[in-house]
């Protein structure tokens, strides 16, 4: 069935260092891969997304890479800041439904000052 | 422009009871999706409504049902509540870009 695996489950980095979160999806027909940030007690918010016709996308300190052949995609955060501390979820679109997304289990990122 | 709003924010029910959760979509968004987020897990797709019709459903039993109204607001109904239904229920609206705009969620506790 459709599945998205995400790791690591927790990640601690020093302020200013980089953080990388990796996800693997199962359905080769998935074509849209968003990343959401969820702060404690808050709603998930989209931070970056990538479509299957693109290999990499960057927005300031955040970048996402996609390897369709290997069916994995990664989130890269450079120059981390304390406000980057949150839970990050990757997701993959399900070919069986518009805006039906399969989410990973989340990565709790802690940026240590 | 108002965002997605959900009510109630918190509620406690007992096993076997029924619950209705409500969602107002972001202005102009005609698609509403509902997700269940158990503690420490990612959101799981329940179903989606487009122009008042269900047009996608995840692996949830029929006791999870929903509605969408002409103003695109939506309800999620859960009958015969079970302990495992305790979770944060997220409503998300979308238009055509693929981006989901989530509400703050309704936290349901089943005792």
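The values are calculated or read from the model by the stated rules, or taken from the named source; none is laboratory data. Source: prediction; values computed, not measured. Don't worry about glycine lacking a Cβ; one is built from the backbone with ideal geometry, like all the others, and counts go over all protein chains shown.
Here are the numbers for this structure:
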| quantity | calculated |
| --- | --- |
| Flag if residue A:65 is more than 14 Å from chain B (Cβ to nearest Cβ), part of a loop (DSSP other than H, G, I, E, B) and either on the phi < 0 side of the Ramachandran plot or surrounded by fewer than 21 Cβ atoms within 10 Å (Cβ to Cβ) (or both) | no |
| Some residue of the stretch A:26-34 being closer than 30 Å to residue B:106 by Cβ, away from every other protein chain (no Cβ under 11 Å) and loosely packed, with under 13 Cβ neighbours inside 10 Å | no |
| Strands (runs of 3 or more DSSP E) lying entirely in the stretch A:1-47 (those with 2 or more residues that are within 23 Å of residue B:23 (Cβ to Cβ)) | A:32-38 |
| Residue within the stretch B:52-60 that is within 22 Å of residue A:105 (Cβ to Cβ), at pLDDT below 95 and more than 10 Å from chain A (Cβ to nearest Cβ) present | no |
| Leading residue by the ranking (farthest from the chain's Cα centre (by Cα)) among those in the stretch B:13-32 that are at pLDDT below 95 and closer than 21 Å to residue B:59 by Cβ | B:31 |
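A quick yes/no check of all residues on (1) within 14 Å of chain A (Cβ to nearest Cβ); (2) in contact (Cβ under 8 Å) with a residue 12 or more places away in the chain; (3) assigned to a strand (DSSP E or B); (4) closer than 27 Å to residue A:39 by Cα:
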| residue | (1), (2), (3), (4) |
| --- | --- |
| B:17 | no, yes, no, no |
| B:23 | yes, yes, yes, yes |
| B:46 | yes, yes, yes, yes |
| B:67 | no, yes, yes, no |
